Amino acid sequence: MKMDTFFTKIKKITIFLVISFLVLPNLIFALSNETNSANNGAPFDPSYIISDATFTNWQTMTQSEIEDFLSRQKGALANYRTTDIDGKEKSAGQIIFEASQRHKINPQVLITLIQKEQTLITQQAQKPSQFDWATGFACPDGRGPIEKFKGFARQIDRAAWRLRYYLEYPWEFPIGKGRTAYIDQTYLTPKNAATAALYNYTPHIKGNKLFWSIFQKWFSEEHIFKEGSLLRAEGEPGIWLIKNEERHGFPSKTIFLLGYRFDDVHTVSYKVLEEYPVGEPMKFPNFSLLKTPEGKIYLIDNEKKREISEEMFRQIGFHPEEIIKLNGEDLNLLALYEEGEPVKSPWINEVLLQDKETFGVWLVKNNTRRAIIDKTILEANYPYQKIIKVNPQELEKFEIGAPLKLQDGVLIKSVDNPTVYVIGQEKRMPIADPETFEALGYSWQAVITVPQKVIDIHPLGETLYLN
């Protein structure tokens, strides 16, 4: 791990040096006139496309409202009727409505998906295949569509089913909330489950930007601010951060200024603010360096405070100016943190270390090293991460943990057995048959053939069947 990389992660801490912090006893501090108002015309954020609440709000439109909307758009679905999955003839609006109710997915999401894939909402169909593949379900990149999922009603039902499935079983898929994925030559970390679901459905930024723009045009999430927005109620003290679709207050000015600016705060009515439930108050940012009046230095690492010695401080390469000296209310906040292990290694973040003599690769974090028993695990979990060569004496300083397993969503099979497994919660879950595999939207090209020893380190989980 390069030291400049570490400094990048904690650079905002240096703001403290030029600000005299005013610590207030209230949970939310007053800001007088330091914030400014802003509108909600935020640009496209590829890591946050739609809120979870909106994505799953299956009561946004009645059947009549859906049919009226389709009629007003004057596209191919305005008067379209066909056989539903139950064998009965129904209108397009009824099919969309019933699929949304059956799988508890916002019908607006399905309407947007149809428009994104085949433009049937606003335009007349140029060919029958636009109805047959209305939502793009089972149309993987690089190969033809899977014929058994052909047909307007089946497309609507399976799309709604799959979107719900992504939400309920996120560990079965490579893209998940808070998990960084490599999409279109870009590292992207979905901030919520709905965004992850959309990327699993369409693994391209451009396609999801189109979804976002259509949804914003027709069903704009009025008064719904994006993840990470800073809000202040007009005429009221205090600033709130929107995180995990809750509002989180700042218990001190110190904590706010470590990572945020007053210029980025939106002023809204209190009614808008009340739409968000109150969550846990904000804490010190990760990797903050905090010094008590007694001279102890703590590193904040994933919700824990870890004491760090002067010697280790120098090894990591910290600069003294990055230390925040605490007093008053901020000391009380530090006391709320759970005590973690003292920092005994300069490798605070995950790093790959290779033994110069045996050439074995280990995943090292904090005081523990985990063996990577085969290169297939290394290539699947860390395809772009740099490996640092070290002497075996350096590795001996770390405790040995359990061997590293494959990440959630990886598809594997052994050389001698055709059974395909998906990794989920460190278990291998057999996929019952090709029909289930394809219905879940997996790609055969994504299946990795691994040695039996890699199969064996993952306990057997439940078999996945097509409902």
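Taking a point 7 Å from the Cα of residue 182 along the Cα-to-Cβ direction, the residues of the range 367-407 with backbone N closer than 15 Å to it are 376-387, 407. Measuring nothing but how far apart in sequence close Cα pairs (under 8 Å, 6+ apart) lie, relative to its length, the range 382-467 scores a relative contact order of 30 percent.
Segment residue 124..residue 327, full-extension length gain: 66.3 nm, with 0.36 nm per residue of separation and the alpha-carbon distance subtracted. Cα centroids of the range 125-157 and the range 242-282: how far apart, whole angstrom? Here the two parts' Cα centres lie 43 Å apart. Take the Cα of residue 402, step 7 Å toward its Cβ, do the same at residue 220, and the gap between the two points is 4.9 nm.
With an 8 Å Cα cut-off and a minimum separation of 6 or more residues, compute the relative contact order for the chain in percent. Computed value for the chain: 15 percent relative contact order. Ranking of 312, 61 by neighbouring Cβ atoms within 10 Å, starting from the fewest: 312, 61.
Potential lengthening of the chain between residue 286 and residue 44 amounts to 84.5 nm, from the contour at 0.36 nm per residue minus the alpha-carbon distance.
Please work out the Cα center distance from the range 416-467 to the range 290-344, rounded to the nearest Å. The range 416-467 and the range 290-344 have Cα centres spaced 44 Å from each other.
Model label sites at residue 460 and residue 132, defined 7 Å from Cα along the beta-carbon direction, differ in position by 4.1 nm. Between residue 86 and residue 244, the distance separating the two model label sites (each 7 Å from Cα on the Cα→Cβ line) works out to 3.9 nm.
Between helix 152-168 and the chain, what is the angle of the helix's C-alpha long axis to the longest principal axis, kept within 0 to 90° and rounded to the nearest 10? Orientation of helix 152-168: about 20 degrees from the principal axis.
For the pair residue 309 and residue 104 in one chain, pulling the backbone fully straight at 0.36 nm per residue adds 68.5 nm over the alpha carbon distance. Only helices enter the 222 nm calculation for the chain: every DSSP H run of n ≥ 4 contributes -39,500 (n - 2.57), and dividing by all residues gives -8000 deg cm²/dmol, rounded to 500. Output the direction-averaged projected area (hull surface divided by four) of the convex hull of the alpha-carbon atoms of the range 53-155, in nm². About 6.5 nm², averaged over all directions.
3J(HN,Hα) along the range 289-304, derived from phi through the Karplus expression 6.51 cos²θ - 1.76 cosθ + 1.60 where θ = phi - 60°, amounts to 10, 10, 10, 8, x, 7, x, 6, 10, 10, 9, 7, 9, 6, 6, 10 Hz, with x in place of Gly and Pro.
Divide the volume of the convex hull around the Cα atoms of the range 411-456 by the residue count and you get 70 Å³ per residue. Helix 92-103 and the longest principal axis of the C-alpha atoms of the chain enclose an angle of approximately 40°. For the range 351-399, the relative contact order is 46 percent, taking Cα pairs closer than 8 Å that sit 6 or more residues apart in sequence and dividing their mean separation by the residue count. Seen against the Cα atoms of the chain and their longest principal axis, helix 107-118 is set at about 70 degrees. Computed from backbone phi with θ = phi - 60° and the Karplus coefficients 6.51, -1.76 and 1.60, the 3J(HN,Hα) list for the range 376-390 is 5, 5, 4, 6, 6, 7, 9, x, 10, 8, 6, 9, 9, 7, 9 Hz; x is used for glycine and proline.
Taking Cα centre as origin and charging only the Cβ of basic (Lys, Arg, +1) and acidic (Asp, Glu, -1) residues, the dipole magnitude of the chain rounds to 840 debye.
Shape summary: the range 170-289 maps onto an equivalent ellipsoid whose semi-axes, from the alpha-carbon gyration tensor, are 29, 20, 12 Å in decreasing order.
Sorting the segments 183-189, 357-363 by their residues' average number of neighbouring beta-carbon atoms within 10 angstrom, most packed first, yields 357-363, 183-189.
Computed packing ranks the peptides 52-59, 397-404 as 52-59, 397-404, most packed first, by mean other Cβ atoms within 10 Å.
FYI, it's all coordinate maths here, none of it is from the lab. For clarity, every value in this text was computed on a predicted model and none was experimentally measured. Please note: Cβ atoms are built from the backbone with ideal geometry, for glycine as well, and neighbour counts cover all protein chains shown.
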